[in-house]
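Novice: Before anything else, here's the structure in question.
Please treat every number below as a calculation from the coordinates, not as lab data. Since this is a predicted model, take the numbers as computed values, not measurements. Cβ atoms come from the backbone with ideal geometry, glycine included; neighbour counts cover every protein chain shown.
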Amino acid sequence: MTRAGALRPVGRLLIYAVLIFFAAYYLMPVYMLLLTSAKPFEKVGVTQMWNLPTSVYLDNAIRAWPLVSANFWNSVMITVPAAVISSFIGSLNGYVFAKWKFPYSNLVFMLILFGIFLPYQGILIPLVQLLTVIHLYGSVLGLIFVHCVFGMPITGLIFRSYFATVPSDLIDAAKIDGAGFFGIYYWIMLPIAAPAFAVALIWQFTNIWNDFLLGVVVLSNPSLAPMTVAINNIAGSFSIEWNLQMAAAVLAAAPTVLVYLFLGRLFMRGLLAGALKG
Amino acid sequence: MVLSPSILAVLVFIYGFILWTGYISVVNWNDVTPTYGFVGLQNFQRLFGQTPRFLTDLKNTLEFSVLFIGQCLIIGLMLAILLDQHIKGEAFFRTVYVMPFAISAIVTGVAWKWLMNPSSGINTIFDVLGLKFLENKWFADQNIGIAATAIAAAWQMSGYTMALYLAGLRGISADLRDAARIDGASGFNYYRYVAIPLVMPVTLTALIILGTISLRLFDLTASMTSSGPAYATDTPAFFMFQVTFQQYKYSLGAAIGVVMLFVALFLIVPYFFTIRDEVER
């Protein structure tokens, strides 16, 4: 007798009822966003928020796009390089911490892990000062740099967990064959690291795309700002119609949600790695 | 020995910056131009003694943590247990539940701000369902304030908590499940006496992650409510941002940062001791 079989049909029905209720709960705000962004302005007043649109209406998306297209591309310009670079650096660091243990390397690793939980308010002022000194403050390059640095703890963790599963015998054999630090990285680790790269890239893409705090501090200039900062500015403005605000928000959410929907399994692995359960 | 320079960079950007923030918090740089005259703990005295807003923020953080973490743990554990019952369409439910986690807090805030419009949104749903007594002014109400933010935040993170719990439940070995069943622990009793105690480490991990999110709460506040009536929805992170980058009181902002760092340390250090064995394998 399975555990599932132990429950009576009424119990099963109740379980499905609860599961469906929560599915509706999680989908409701998304549904409302899509609904509002698909209706003309006359139909989005507070009294008719839940009314269905009478016809397919894509005008909002078309009108919202010019408002945020520059910021959308800024986000792409920031997110893609930062995700790639921080994943690559993470692979090197993970390799060091998994296979080239040095005295106190575990302690150093723990000190780096604190970066995952760090409240950035505790480092923002020195960060801005340093970026100003090296002429990176207020530039796209500066924000990429910042995301690379603060992405290292999580990417290092993802790759360390992954490389820890590579048998040390393999490494030792390569050392006997004369392979050094980079030789082993290039010939043994990199060729098998594709799954870890996928997890790290997706995780970093999502996090950096969704970041607001670092973006608004380092790159608040409206024309250079990332998408999240632009959406926040639009949502705080009373002169822009609600339906346009919602259409812009849908555009901001689309890339990460699509990545999640199409690459969900890899996304979940990053999620669990981030919980220190590699 | 090749020590990646990037490791050094991280350490400098975390710990060097923390020390520098600590230094700024004890000087008198409360203007646009940097000045570094030592003033001791004056900035902290000002925060705790003469800034009611900061005390409100601390109270808000505490209230938010309890409401937000409570919702995430209860909803997360419940949904994980339900999904553990050989559910048809499990993949669909799981995908829907975790999806808000892929959406930025900014978009979440924009959506919930609209949903919690006093004369529309959720209140309309309550109206239709005959639950008029549940209607309220949400974050526009000084007494409810931060609870509204906690609801939006839990919408984003409770599915994530579910995923952590589900992974924990699936990690329980089949042998143990069978043994529990032979001992007569089926259904409710299996979870009550076997599974839930076994996923305690997940609860601890979730507490730490959700706790640091509570401490850092900023994006949702910015996009959804700002400070709210009588600072009802204000947070230390939001205050720090405004005082530092809009009012240029850098030393006061640094002092807020230091307080937040201390709270984070109290959360993280004990946690690191418990995961040390896992890291050192």
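Novice: Kindly write out, for region A:231-243 in residue order, the coupling ³J(HN,Hα) from the Karplus curve 6.51 cos²θ - 1.76 cosθ + 1.60 (θ = phi - 60°), rounded to whole Hz, with x marking Gly and Pro.
Specialist: Result, ordered by residue: 4, 5, 5, 5, 5, x, 9, 8, 8, 9, 4, 4, 5 Hz.
Novice: Right, next: Please list, in chain and number order, the residues 5+ apart from B:Gly228 or on another chain whose amide H is under 5 Å from its amide H, with Hs placed from the backbone.
Specialist: So B:Gly228 has HN proximity to B:Thr233.
Novice: What is the calculated FRET efficiency for A:Met77 to A:Tyr25, with r their C-beta to C-beta distance and R₀ = 25 Å, to the nearest 0.05? Intermediate values should be presented prior to the final figure.
Specialist: Values: r = 36 Å, r/R0 = 1.43.
Once rounded, the FRET efficiency stands at 0.10.
Novice: Shifting gears a bit: Run the simple label-point estimate for B:Asp127 and B:Phe48 please: 7 Å along Cα→C-beta, distance reported in nm.
Specialist: Distance between the two pseudo-spin positions: 4.9 nm.
Novice: Can you give me the angle between helix B:52-83 and the longest principal axis of chain B, using Cα atoms only, in degrees from 0 to 90, rounded to the nearest 10?
Specialist: Around 20 degrees separate the two axes.
Novice: For region B:53-279, what's the relative contact order in percent, using C-alpha pairs closer than 8 Å and at least 6 residues apart? It would help to have the intermediate numbers written out before the result.
Specialist: Numbers: 254 pairs, mean separation 68.2, N = 227.
Computed over region B:53-279, the figure is 30 percent.
Novice: Right, next: Each residue of region A:206-223 in turn: what ³J(HN,Hα) in whole Hz from Karplus with 6.51, -1.76, 1.60 and θ = phi - 60°, glycine and Pro shown as x?
Specialist: Couplings: 4, 5, 6, 4, 8, 4, 10, 4, 5, x, 6, 7, 7, 9, 7, 3, x, 7 Hz.
Novice: Something else: Can you figure out the FRET efficiency of A:Arg8 with B:Val66, using R₀ = 41 Å and their beta-carbon distance, to the nearest 0.05? Please report the intermediate quantities before stating the final value.
Specialist: On the way: r = 36 Å, r/R0 = 0.89.
After rounding, the FRET efficiency stands at 0.65.
Novice: Test of understanding: what is the full-extension gain from B:Thr274 to B:Asp183, defined as 0.36 nm times their sequence separation minus their Cα-Cα distance?
Specialist: Extending this stretch completely gives an extra 29.7 nm.
Novice: To the nearest 0.05, what FRET efficiency results for A:Ser69 and B:Ser226 with a Förster distance of 25 Å applied to their C-beta separation?
Specialist: Working: r = 27 Å, r/R0 = 1.07.
For A:Ser69 and B:Ser226, the calculated efficiency is 0.40.
Novice: Defining a contact as two alpha carbons under 8 Å apart and six or more residues distant in sequence, what relative contact order in percent does region B:82-206 show?
Specialist: 26
Novice: Of A:Val146, B:Ala153, B:Phe245, which is farthest towards the positive pole of the protein assembly as shown's charge dipole, taken about the Cα centre with +1 and -1 on the beta-carbons of Lys, Arg and Asp, Glu respectively?
Specialist: Among A:Val146, B:Ala153, B:Phe245, the one farthest towards the positive end of the dipole of the protein assembly as shown is B:Ala153.
Novice: Amide H of B:Val27 versus every other amide H placed in the peptide plane: which residues, excluding those fewer than 5 positions away on the same chain, fall under 5 Å?
Specialist: B:Val39
Novice: Sticking with this structure for a sec: List the trypsin sites (Lys or Arg not before Pro) within region B:28-96 that DSSP assigns to loop and that have no more than 15 neighbouring Cβ atoms inside 10 Å.
Specialist: When the trypsin sites (Lys or Arg not before Pro) of region B:28-96 are filtered for loop state and at most 15 Cβ neighbours within 10 Å, B:Lys88 remain.
Novice: I'd like the Karplus ³J(HN,Hα) series for region B:227-233: coefficients 6.51, -1.76, 1.60, θ = phi - 60°, whole numbers in Hz, and an x wherever there's a Gly or Pro.
Specialist: After applying 6.51 cos²θ - 1.76 cosθ + 1.60, I find 6, x, x, 6, 6, 5, 10 Hz.
Novice: Measure nothing but the geometry: give the 0 to 90° angle between the long axis through the Cα atoms of B:105-115 and the longest principal axis through the Cα atoms of chain B, rounded to 10°.
Specialist: 80
Novice: B:Ile146: net charge of surrounding residues, Cβ under 11 Å, Lys/Arg +1, Asp/Glu -1, itself excluded?
Specialist: Local charge sum for B:Ile146: -3.
Novice: Taking Cα atoms, how many degrees apart are the long axis of helix A:140-163 and the longest axis of chain A, rounded to 10 and kept between 0 and 90?
Specialist: Here the helix axis deviates by roughly 60 degrees.
Novice: With a ≥ b ≥ c the root eigenvalues of the C-alpha gyration tensor of region A:153-278, is it rounded (a/c under 1.5), prolate (a/b larger than b/c) or oblate?
Specialist: Prolate, because a/c is 1.5 or more and a/b exceeds b/c.
Novice: Sticking with this structure for a sec: Using only alpha carbons, build the gyration tensor for region A:59-274 and give me the equivalent ellipsoid semi-axes, biggest first, whole Å.
Specialist: Working: eigenvalues 277, 78, 37 Å².
Taking √(5λ) for each Cα gyration eigenvalue gives 37, 20, 14 Å.
Novice: Could you compute the longest span of chain A free of chymotrypsin sites (Phe, Trp or Tyr not before Pro) located in DSSP loops and having at most 12 other Cβ atoms within 10 Å, not counting the site residues?
Specialist: A:105-237
Novice: Find, among the trypsin sites (Lys or Arg not before Pro) in region A:71-179, those assigned to loop by DSSP (not H, G, I, E, B) with at most 15 other beta-carbon atoms within 10 angstrom.
Specialist: Of the trypsin sites (Lys or Arg not before Pro), the ones in loops of region A:71-179 whose Cβ has at most 15 other Cβ atoms within 10 Å are A:Lys101.
Novice: Now for a separate question. DSSP loop (so not H, G, I, E, B), at most 16 other Cβ within 10 Å: list which chymotrypsin sites (Phe, Trp or Tyr not before Pro) in region B:1-60 pass both filters.
Specialist: Numbers: sites: B:Phe13, B:Tyr15, B:Phe17, B:Trp20, B:Tyr23, B:Trp29, B:Tyr36, B:Phe38, B:Phe44, B:Phe48, B:Phe54; in loops: B:Trp29, B:Tyr36.
Loop-located and lightly packed - B:Tyr36.
Novice: Please work out whether chain B counts as rounded, prolate or oblate from its C-alpha gyration tensor, where a ≥ b ≥ c are the square roots of the eigenvalues and a/c under 1.5 means rounded, while otherwise a/b larger than b/c means prolate and anything else oblate?
Specialist: Because a/c hits 1.5 or more and a/b fails to exceed b/c, chain B counts as oblate.
Novice: Moving on to the next point. Once the other residues with Cβ under 12 Å from the Cβ of B:Pro52 are scored (Lys, Arg +1; Asp, Glu -1), what is the net sum?
Specialist: +1
Novice: Less than 14 Å Cβ to Cβ from A:Pro226, Lys/Arg counted +1 and Asp/Glu -1: what total charge do the surrounding residues give?
Specialist: Neighbour charge sum, excluding A:Pro226 itself: -2.
Novice: Same structure again: Mean separation of Cα pairs under 8 Å and 6+ residues apart, divided by the residue count of chain A: what relative contact order is that in percent?
Specialist: 31
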